[in-house]
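Coordinate-derived values only; no laboratory data. It should be emphasised that the depicted structure is a prediction, and the values quoted were computed from it without experimental measurement. As a convention, Cβ positions derive from the backbone with ideal geometry for all residues, glycine included, and neighbour counts pool all protein chains shown.
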Amino acid sequence: NTPMICSSENLKRFICPSFLQDRTLITVGGKSGGHVTGIGEIAAIGVSAIRAHNAALQAMLREALEARTPQWRWPGGAIGGTLCIDTGADQPRVAAALEHHRLRADFRGSILRVSFHAYNDATDAHAAIEALS
């Protein structure tokens, strides 16, 4: 498995998702902070601020890709914490492109599920845009 790469440039350090069994913090650039934080840091930053941050990254991805991918079905209306894009027949190519760029992806059939988190930043969104372009 490819480790989740966490970026903490514009937010305080966060613990990576629970799928990292050893609870190691990994940051972009390969630097390990060694500092594990959790609910207290989330509370200090604020859930609303984190949600707004994540929504801005979703919007960045969507604005860059939606017009270029008319064959995909993009969600309408309000979007929650996960952006679900039906990539249709492009799913194998999309999965291969993400893997080639060492980006983790979650698919349900042909539906790509994109979930940014507090430790992601614009660099991560741009990496996804580059991979999916």
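In this label model, Arg108 and Ala44 are separated by 3.5 nm, measuring between points 7 Å along each Cα→Cβ vector. Entry note, the stretch 90-133: relative contact order of 43 percent, from Cα contacts under 8 Å with a spacing of 6+ residues. Per-residue Cβ neighbour counts within 10 Å put Glu63, Glu99 in the sequence Glu63, Glu99, beginning with the fewest.
Between His101 and Thr123, full extension at 0.36 nm per residue minus the direct alpha carbon distance yields a gain of 6.6 nm. In the neighborhood of Asp106, defined by Cβ-to-Cβ distances under 13 Å, what is the net charge if each Lys or Arg adds +1 and each Asp or Glu adds -1? Spelling it out: positives minus negatives among the neighbours equals +2.
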